[in-house]
Structure formats: structure tokens, C-alpha cells
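The values are calculated or read from the model by the stated rules, or taken from the named source; none is laboratory data. All figures in this text were calculated on a predicted structure; none of them were measured in a lab. Please note: Cβ atoms are built from the backbone with ideal geometry, for glycine as well, and neighbour counts cover all protein chains shown.
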Amino acid sequence: MLTYYHLWRMNPTEARMILVKDYQETGSYPQTSRNFGTHRRIVRKWVLRYQKEGERGLESLPPIPKNQPARLDPQLERLILRLRDSSGFGPKRLHYWLKRNLQIEIATSTIAKYLHKHGSTKKHLKREHRRSFDWKSLPLFSSSQVDTKEIIDSKVFTQEEKWLYRHLGLPLYQFTAIFPRTRARFISFSFQNTKRASLNFLEYLFSHLESHGAPFEETISLSHRDPVRTDRLGSGIRRPSNQECQAIPP
């Protein structure tokens with residue numbers, strides 16, 4: 001026996017018409033519901049709608065909620081749009097402004113929904129896709145990165161710790177050279193952040209690599225503050241000479 005569910009899967013409107021015709025023959029909601037394996041409330045619903053609207057009442061209607069608790073008052077909606085145009089605030093700042101100044105609390109998601117509805121949202125610029133650099137393809141010690149760091153960081157050390165660190169006479173700056181291909185790291189410490197200290201660190205680094213026969217190119221890349229003079233493109237530096245080390249003041 002075909003149930004109402006199977007008929008509804010094939011054609012909803014025809015399935016409802018079959019229920020109505022069966023009810024017209026039996027005159028009983030329970031009997032029609034038993035004949036098609038459904039609930040009598042479903043039979044009663046479509047019979048009453050057929051009696052009021054005819055065959056048009058058997059068509060499927062879009063689901064419309066009976067109440068919309070999240071719907072804003074039109075005046076309040078216009079107020080949000082005016083505030084958006086005059087201040088440029090986003091949903092979160094509009095939420096706090098209404099709550100602080102007008103004692104009106106509206107969910108941030110609701111404000112965002114209405115801004116999107118009226119096309120008042122900001123257009124996010126698409127970021128250009130950056131091609132990742134293949135560091136593994138570089139020869140060993142062919143390129144390095146040099147960083148300069150102040151050891152006494154204001155966000156890490158307290159005033160008492162800074163005083164104790166200086167009182168112990170420990171170095172204040174750290175020079176770090178990293179080779180991306182091997183992740184080898186060379187670290188040096190200095191009491192001054194000067195060009196002479198930076199050049200001395202590079203000279204020690206190049207001498208150490210040469211003494212161990214490491215194949216390298218005398219070009220490095222810099223980040224943050226440049227400790228030595230770069231070339232025109234700013235892509236690297238050449239190995240400093242002894243004359244340059246002596247000529248640069250501390």
C-alpha cells in the first residue's frame with residue numbers, strides 16, 4: 001500500500017488532493033489517515049485549506065516564521081544606518097555606542113546582518129598571494145639573515161631586573177646570524193649596538209666559516225635595523241674589509 005509519505009515524495013500537490021478526495025468519500029479524518037498511514041491532523045489541515053482556497057491551497061508555501069524576535073524597529077534600523085554613514089563604525093563599535101549612549105542593547109550579529117542587508121559593509125581587499133621561497137633549493141651557507149636584539153626588553157624585564165642586569169655588567173645586545181638552508185645559528189654579544197660591533201661579528205663569522213672550509217657566498221640579508229651599509233637594492237651586504245673596520249668609529 002502506498003502511504004501518504006510515498007505519494008508526497010512523488011508529487012506533494014497530487015498527494016494532498018488524494019487525501020482530500022478520500023476524505024470526501026469516507027467523511028472521516030481518522031479513516032483517511034489510516035488509509036494512507038499518516039496523522040489525522042495532516043488530513044484535516046489539507047481538507048480545510050482545500051475548502052477555503054480550492055486547489056490553489058494545496059500548493060506548497062514558503063516557510064515564514066510566525067514571529068521574528070530579532071527583527072528591528074524601522075526607526076532603529078535607520079538610526080544604525082545613519083550612525084554607520086556618519087562614524088564609519090563597525091557592528092561591534094555600534095553595539096557599544098548604542099549601549100553606552102542610548103541604553104539600547106542589540107546583538108552584534110543582528111547589527112552586522114542589517115548592515116549587510118543594506119550594503120553598508122566594508123569591502124575587504126584581497127591580499128595578493130605571496131609565492132613561498134624554496135629555501136631547500138639554496139646551496140649550503142649561500143645566504144644568511146642577521147638580526148640585532150636588545151637583551152633588556154621593556155616588556156620582559158622589570159625595573160629591578162634591569163638594574164640587576166646592568167649591575168652585573170652583562171652585555172646589552174645580541175647579534176644573531178641564521179642560515180636558512182641549514183638553520184645553523186651563530187650568536188654574539190656586545191655592550192654597544194654600533195657599526196664596529198656589527199662588522200666585528202660578521203668578520204668573526206666569515207673567518208669561522210673559512211677556517212672550516214664551508215662553501216659560502218659573502219652576501220647576507222638584514223632584518224630590522226641594518227647594522228652595516230647595504231648595497232643599492234638593499235638585498236645584501238658585502239664582506240667588510242679591514243680598512244672599513246678601522247675607519248668606522250665606534
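Brief remarks follow.
- Listed by position, the helices (runs of 4 or more DSSP H) contained in segment 24-116 that have at least 3 residues being aromatic (Phe, Trp, Tyr) and at pLDDT 90 or above form an empty set.
- Checking each residue in segment 41-58 for being charged (D, E, K, R) and out of contact with any helix residue (DSSP H, G or I) (no Cβ under 6 Å at 6 or more places or on another chain) picks out Arg41, Lys45, Lys52, Glu53, Glu55, Arg56.
- Of all residues in segment 10-30, those that are without any contact (Cβ under 8 Å) to a residue 12 or more places away in the chain and touching a helix residue (DSSP H, G or I) at 6+ places or on another chain (Cβ under 8 Å) total 4.
- Segment 159-193 - residue that is part of a loop (DSSP other than H, G, I, E, B) and modelled with pLDDT under 85 and, of those, farthest from Ser142 (Cα to Cα): Arg183
- Residue in segment 167-184 that is touching a residue at least 24 places away in the same chain (Cβ under 8 Å), loosely packed, with under 15 Cβ neighbours inside 10 Å and out of contact with any strand residue (DSSP E or B) (no Cβ under 8 Å at 6 or more places or on another chain) present: yes
- Search result, residues across segment 1-42 that are within 17 Å of Gly54 (Cα to Cα) and buried (at least 17 other Cβ atoms within 10 Å of the Cβ): Ala15, Arg16, Ile18, Leu19, Val20, Asp22, Tyr23, Ile42
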